[in-house]
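Some notes on the structure that comes next.
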Amino acid sequence: MAKFLHSNIGILGCSTALPSHYYTQEDLLDGLQQLWLTQHYNPQRLRQFHQAMGIQGRYLSLAREDYLQPSDFTARNRAFQRVSLELAEQVVVQLLERQGMKAEQIDYLVYTSVTGLSVPSLDARLMNRLPFRPDLRRLPLFGLGCLGGAAGTARLADLLVGDPQKYGLLLSVELCSLTLQPQDLSVANLVASGLFGDGSAAVLMGPARSGSPRVVATRSVFFPESEQVMGWDIGSHGFAIVLSPHVPHYAEQHLGPALLDFLNEHRLRPEDIRAWVAHPGGPKVVDALQNSLGLPGQALQITRDSLHNIGNLSSASVLFILSEFLKQEWQPGDYGLMLAMGPAFCAELVLLQW
């Protein structure tokens, strides 16, 4: 059963941040061709993969030439720790200022990432940069991948339902470019090199306000025996992508029915949803989702625009899309649905109502 049928937990605001290094898709393709010039591969095939993404450009943690230099997992992970903390501080400060809040007023901090490692975790390091209270309750989440933005929203709602007058932050930082595997010429890695970008997002949640969407219900969906659909193969080289061509199949044949069942439980149909806050897994995944639900052409346009403009930012992407929806005017009673898929293979659904 779904939860929170009568919750008053609202999404009060969302801010986003991108690294300073921006490159067009053509710029990045040129760099990758230089990187793989001496190895046996089909450069035309690489170009086809990149062009099929329909991505205009992406933001990276480092300058393009830094990715062309020899590097190991240690160096890349140290870059992750440095850049992720910079972006985290930027996006949280921005969000708090826009919402007229202070760090001392935050009671919960949920952090999600799947593109770098840090112990103490990034949320703990952030506490030494911003004046959070020492009794701040932290929940770092690792391993959720693209699912993390939607799942983090749902888990923060879990916490706040039991403490309904408190405030919480969800922080996502994903630096996908730092997971690039120069020695890996698999189709999965070539596709990933053209799809993923870097970025950070933060969401403020607490007692619902006028004009803010309320979390009505959430659902987690697990698809058994699907571990090889998406994830990381973590070894001495770092994070090697696991990405099956069957992801669109899961979106259409498995996620679609699960989503319809979730809506039906609330006596809703796809046409009752005004705001589709859908993670942009890739062009084929977006198409599959749209086909499985019979959605009109414009229903997932913000998702498509986000993918085109900045690529797939893993867990941060759905929060970037949420930020765009929060800028729009909505009528009281309008429904929205946040959804994302990720490793295991699984999905997370969050039903919203303005």
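FYI, it's all coordinate maths here, none of it is from the lab. Treat the numbers as computed from the prediction; the structure is a model and nothing was measured. Cβ placement follows ideal geometry from the backbone for every residue including glycine, while neighbour counts extend to all protein chains displayed.
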Next item on the list: Arrange Met53, Met205, Met338, Met127 by Cβ neighbour counts within 10 Å, fewest through most, would you?
Entry: Met127, Met53, Met205, Met338
Next item on the list: Give the calculated FRET efficiency between Val119 and Asp334 to the nearest 0.05, with a Förster radius of 56 Å applied to their Cβ-Cβ distance.
Entry: 0.85
Next item on the list: Take Ser314, Ser121 and order them by how many other Cβ atoms sit within 10 Å, fewest up front.
Entry: Ser121, Ser314
Margin query: Test of understanding: given the chain, find the longest segment containing no trypsin sites (Lys or Arg not before Pro) that are in a DSSP loop and have at most 11 other Cβ atoms within 10 Å.
Written below: 1-266
Notebook entry, point to check: Which whole-Hz ³J(HN,Hα) couplings does segment 58-69 yield from phi under the Karplus relation 6.51 cos²θ - 1.76 cosθ + 1.60, θ = phi - 60°, glycine and proline marked x?
Noted result: 9, 9, 10, 5, 10, 5, 4, 5, 5, 6, 8, 8
Next item on the list: Scan around Leu139 for amide H atoms under 5 Å from its own, H built in the peptide plane at 1.01 Å from N, and keep only partners 5 or more places away or cross-chain.
Entry: Leu109, Val110, Tyr111
Next item on the list: Return the long-range amide H neighbours of Val216 (sequence gap of 5 or more, or a different chain), with a cut-off of under 5 Å between placed amide H atoms.
Entry: Leu351, Leu352, Gln353
Margin query: Pairs on different chains or at least eight residues apart, Cα atoms closer than 25 Å: how many lysine pairs in the chain fit?
Written below: 4
Item checked: Value of relative contact order over the chain, rounded to a whole percent, pairs C-alpha under 8 Å and six or more apart -> 26
Margin query: Starting from the Kirkwood Rh over alpha-carbon pairs, what translational D in µm² s⁻¹ does the chain have by Stokes-Einstein at 20 °C and 1.002 mPa s?
Written below: 105
Notebook entry, point to check: Which whole-number percentage describes the relative contact order of segment 39-165, with Cα contacts under 8 Å and a sequence gap of 6 or more?
Noted result: 23
